[in-house]
Amino acid sequence: MMPRRVLCVLFAAAAFATPATAAPDTAGAVRWVSDTPWLSGLIYSVYDPAYGRASPEVQRDRNANSRPLMIALRTWQHGFGCRGFSILEFDVPAGVTGVTGLAGIDDETVVAGGDTYFSIWADGKRLWQSPALSRDDAPVRFTVPLNGSRQVKLITDAQAYSNGDLADWCDVRWIDDTAPAKPEWSYAPEPGKWHVRAELHPFHLLYRGEDLTLSVATALAGDCRVTYDVSGDTGTPPSKGECTVHLAVVGEAATGSYVVPLAKARNGFYRAKFRVDTGDRTVAQREIRFGIMEPSPKRVQEGTIFGVNHHEFVSSFEPMAAAGIEWSRHWFCWQWIEPKKGEWRWNWHDERMAAAKESGLKTIGVLGGIGQPAWSSPDHVPEKSATTPGCPKDMADWEEYVRQVATRYRGKIQAWESWNEISYKADPGLDGWSVEKYVDLHRRTYRILKDIDPTNKVLVSADSLAFVDRCLKAGLDKDYDGVVVHPYRPGNNPEAHCGNALAGKPADIQVMFQDCRAWLSSRPRPDAEIWATEIGWALTGNDWPTVSEEEHGQYLARTYLLTHGAGCVANLCWHDFSLGMFGLCDGKGFPRPAMLSYAALTSRLTGAAPVRRCEVEAPVHGMLFHRGDVDVLALWSERPGEFVELRAPTERQLTLFDMFGNSGSWTLREQGRYLSLSGRVVYLEGPILSEVVLSRTADRDPIPHRSHGRAFLHRAVPDPKRVCGPRGTDSSSRSAARHCRGSGADRATPEVASGGGDATRLHRRPRSQRHAAPAYHRDAAGPANRDVHRLGTGALARSHAGAAICHPETGRQAG
């Protein structure tokens, strides 16, 4: 992907001082690309109503709504109308040396969708890519040399499933020998129009430690004044200011940029407001939402369970890799690959496999269950559909399809699923399926994949262990390297002891997987792995119980902690990356809390081995991991307002991380110290945390604890009833601890013992005030002490769902 700061370099490059070269627009001389027969011109959407049909086609000389092409208040007679992810492919005509044109979002776009990248590829190599363009950005004029290429592709890559943006290629022409092509591009704003934008990574992200670059584009050179206001919900002080931006001519536009200092901003969500003024007149205003995410550490990621279902957008591989995700689950759509028997097309899949390789992600390939061509099972085709859910009528057709896919992508796919969620068809005998027919198809698939590459892992679709047993009875034998399960638990959190389709008995996620492991060990392939290739919670309806975005992010971290702690799962793929109903990003391509939670989780757990589950009285939970020379202790509660007491044999300096990865130093003393917990996971990182004793605090009277010459209320350390150790430790029930500081001025004032010394009489607030929602205790001592304390500010302290961390003392640690 194009680096975020590339625009700053391009704006200053002298090579762009010359306007784009194009063939003269005279009768008989112009060679419009839209007049050239294409090899393919399709808009791809896995979530098309026909579930895998590539439709509609790209429109020639019209926008995607079949209306005139219009960009920058001008109607264009020639070009292509697209949306979402689309690919136009052409043979390069004889004598052509390049291609030139205009790329942008059609003026007809009313509802802004996710930003769209435009790119040009030739013979498998990307020659040019635009910035991410929305309806608020100026279009881009480009000229790209083809240098003897045989085939060229024009690709639009949107950043959201519900992308409402109409992506247009306008005025696109071939350049022949009479006008040698020079590589260049520039913004092309309409006269009198001003544009201001922020340069971000795909899906509206910055990575922690980066500054924010704003850029301005208009038609005429000169100076302008930009006022900016960047605010967030993370406790980071707002970044406000005013700057003068010099606009220099670059191609068809005058452009300039300014770097807003955000390198010290914390992980979280932000809004940037920009206003552009010339003289006493405001010429442009814009508000942009974005997230700051913890980038993945530079540690070896081999062997992690971190995966995601990812079906469309090539541009999203970059933030996936940055978030520390190792696995991408990819659906191979038979209808797109072989729309007619013996006619093979690879466009969409080739682009994704190349992007996965470039980003270093591994791929799980799903061969069936998503868009089989109608011709493969003509007796089970829904009305007006190009696809079918039916069992292939001739297994020889299926075998040839599998052979073609496995041969083309040999070495690029590490694991294969023969079919997606087949039990819903095979068990009730729908659309020509039966358990026996699926087993036959799977065993054929297994043999072909192993013949082509013996290292291929071939997974049998299960969903329930009972279905695996039925497959074994139908002759599955040992033809499987792993079992695919989708352990959704709608309406229940990860810790709930609810019924499940795997082991059948009520269990939380960790115990469920351990029971599944024990079950598989007694079957013909005791070495078979567990691959949980879908799990998630819905944020919108469709008859699913829904959760809030906050709960969604909390459940992700807790699910992965419990699963990794089980120690017996090969892979866990979150569903989905950017499908609005489940996604890490929303339907318009903006990151959700789950995205930032995932990145923080992988930063702590990549390379970490599970040690044990920490037995703390419910609803408090803990998991202990070891990574290198440090331990990682994850703590959370199923509900807010809970406290956990920590005590160690000796004092030690730890680092405390919140759910988004923001950190601060944290001293654990021999006397003990407590944390306020909620659904948001917090991580403690440091040496020998296996010695730490954990206990859910009892509702006892506080005792004074001296710090900085003052006595602060500190909860007495009860006799430990819960220790990091095996499950099943006996415990006694305790009431929830509720002595947490309130909000506002009350929260900002420590509870001080009378006299400030070794006082025994304590001034205590009324019980009604002490039962306030958890909030982070702030010290009035000043900014020097805030790096630690602000872990609970902003969104973390605004609601009961926040991961507020209540410290019993303030300021720097007493040593």
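The values are calculated or read from the model by the stated rules, or taken from the named source; none is laboratory data. Predicted model only: the values in this text are computed from it and were never measured. Positions of Cβ are backbone-derived with ideal geometry, glycine not excepted, and every protein chain shown enters the neighbour counts.
Any residue at all in the stretch 472-479 that is of a type in the set (A, V, I, L, M, F, W, C), at pLDDT 95 or above and in a loop (DSSP other than H, G, I, E, B)?
Initially, the stretch 472-479 is screened for residues of a type in the set (A, V, I, L, M, F, W, C), giving 472, 474, 476.
If we keep only those that are at pLDDT 95 or above as well, we get 472, 474, 476.
Subsequent filtering for residues that are in a loop (DSSP other than H, G, I, E, B) retains 474, 476.
Yes, the stretch 472-479 contains at least one residue that is of a type in the set (A, V, I, L, M, F, W, C), at pLDDT 95 or above and in a loop (DSSP other than H, G, I, E, B).
Just checking, how many residues over the stretch 513-549 are touching an Asp or Glu at 6+ places or on another chain (Cβ under 9 Å), of a type in the set (A, V, I, L, M) and assigned to a loop (DSSP other than H, G, I, E, B)?
2
Here are some residues: Val620, Val630. Which one is surrounded by fewer than 19 Cβ atoms within 10 Å (Cβ to Cβ) and of a type in the set (Val, Ile, Thr)?
Val630
Sort out which residues of the stretch 582-606 are assigned to a loop (DSSP other than H, G, I, E, B) and either within 14 Å of the chain's Cα centre (by Cα) or in the same structural domain as Val644 (by TED's automatic domain parsing) (or both), and write them in order of number.
Phe582, Gly583, Leu584, Asp586, Gly587, Lys588, Gly589, Phe590, Arg592
Name the residues in the stretch 497-515 that are closer than 19 Å to Asn571 by Cα and at pLDDT below 85, would you?
Scanning the stretch 497-515 gives Asn500, Ala501, Leu502, Ala503.
Can you name the number of the only condition in (1) closer than 18 Å to Trp531 by Cα; (2) part of a strand (DSSP E or B); (3) hydroxyl-bearing (Ser, Thr, Tyr) that Thr282 fails?
(1)
I need the full set of residues from the stretch 77-95 which are under 15 Å from Val314 (Cβ atoms) and small (Gly, Ala, Ser), in order please.
Result: Gly84, Ser86.
Assess whether Phe513 counts as being of a type outside the set (D, E, K, R), under 25 Å from the mean Cα position of the chain (by Cα) and buried (at least 20 other Cβ atoms within 10 Å of the Cβ).
So Phe513 fits the description; yes.
Need the failing condition index for Gly279 against (1) at positive phi; (2) at pLDDT 95 or above, just the number.
Of the numbered conditions (1) at positive phi; (2) at pLDDT 95 or above, the odd one out for Gly279 is (2).
Identify, please: which residue in the stretch 232-273 is hydrophobic (A, V, I, L, M, F, W, C) and not in a strand (DSSP E or B) and is, among those, surrounded by the fewest Cβ atoms within 10 Å (Cβ to Cβ)? I'd like the intermediate steps shown before the answer.
Taking the stretch 232-273 first, the residues hydrophobic (A, V, I, L, M, F, W, C) are 243, 245, 247-250, 253-254, 259-260, 262-263, 265, 269, 272.
Then drop every residue that is not not in a strand (DSSP E or B), which leaves 262-263, 265.
Details: Leu262: 22, Ala263: 12, Ala265: 23.
Ranking the candidates gives Ala263 first.
Starting from residues that are over 18 Å from Phe118 (Cα atoms) and modelled with pLDDT under 90, keep the ones in the stretch 148-189 and report whichever is surrounded by the fewest Cβ atoms within 10 Å (Cβ to Cβ).
Of everything passing the filter in the stretch 148-189, Asp177 is surrounded by the fewest Cβ atoms within 10 Å (Cβ to Cβ).
What are the residues in the stretch 280-332 that are more than 17 Å from Gly583 (Cα to Cα) and β-branched (Val, Ile, Thr), if any?
Thr282, Val283, Ile288, Ile292, Val300, Thr304, Ile305
Which condition does Gly324 not pass, out of (1) outside any loop (DSSP other than H, G, I, E, B); (2) within 20 Å of Ser296 (Cα to Cα), if it passes all the others?
(1)
Looking only at residues that are within 15 Å of Ile688 (Cα to Cα) and in a loop (DSSP other than H, G, I, E, B) in the stretch 610-640, which one is farthest from the chain's Cα centre (by Cα)?
Looking at residues that are within 15 Å of Ile688 (Cα to Cα) and in a loop (DSSP other than H, G, I, E, B), I get Asp629.
Does the stretch 537-558 contain at least one residue that is under 21 Å from Leu472 (Cα atoms), buried (at least 24 other Cβ atoms within 10 Å of the Cβ), of a type in the set (A, V, I, L, M, F, W, C) and at pLDDT 95 or above?
Let us first name the residues in the stretch 537-558 that are under 21 Å from Leu472 (Cα atoms), namely none.
For the stretch 537-558, residues under 21 Å from Leu472 (Cα atoms), buried (at least 24 other Cβ atoms within 10 Å of the Cβ), of a type in the set (A, V, I, L, M, F, W, C) and at pLDDT 95 or above: absent.
Of all residues in the stretch 66-90, count the ones that are in contact (Cβ under 8 Å) with a residue 24 or more places away in the chain and farther than 16 Å from Leu127 by Cβ. Break it down into steps so the answer makes sense when it comes.
Step one: list which residues in the stretch 66-90 are in contact (Cβ under 8 Å) with a residue 24 or more places away in the chain, which gives 67, 69-74, 76, 78-90.
Going one step further and asking which of them are farther than 16 Å from Leu127 by Cβ, we end up with 67, 69-74, 76, 78-86.
So the count comes out to 17.
If you go through the stretch 304-351 one residue at a time, how many are over 16 Å from the mean Cα position of the chain (by Cα) and more than 20 Å from Leu556 (Cβ to Cβ)?
21
Is there a residue in the stretch 85-101 that is within 30 Å of Ile292 (Cβ to Cβ) and at pLDDT below 90?
The answer is yes; a qualifying residue exists.
Checking the structure you have, find out if any residue of the stretch 214-230 is under 27 Å from Ala64 (Cβ atoms), in contact (Cβ under 8 Å) with a residue 12 or more places away in the chain and either more than 31 Å from the chain's Cα centre (by Cα) or surrounded by 22 or more Cβ atoms within 10 Å (Cβ to Cβ) (or both).
yes
Which one of these does Phe118 not meet: (1) surrounded by 21 or more Cβ atoms within 10 Å (Cβ to Cβ); (2) at pLDDT below 95?
Phe118 satisfies all of (1) surrounded by 21 or more Cβ atoms within 10 Å (Cβ to Cβ); (2) at pLDDT below 95 except (2).
On the given criteria, is Phe577 buried (at least 23 other Cβ atoms within 10 Å of the Cβ) and free of Cβ contacts under 8 Å to residues at least 60 places away in the same chain?
On the way: buried (at least 23 other Cβ atoms within 10 Å of the Cβ): yes; free of Cβ contacts under 8 Å to residues at least 60 places away in the same chain: no.
It is false that Phe577 is buried (at least 23 other Cβ atoms within 10 Å of the Cβ) and free of Cβ contacts under 8 Å to residues at least 60 places away in the same chain.
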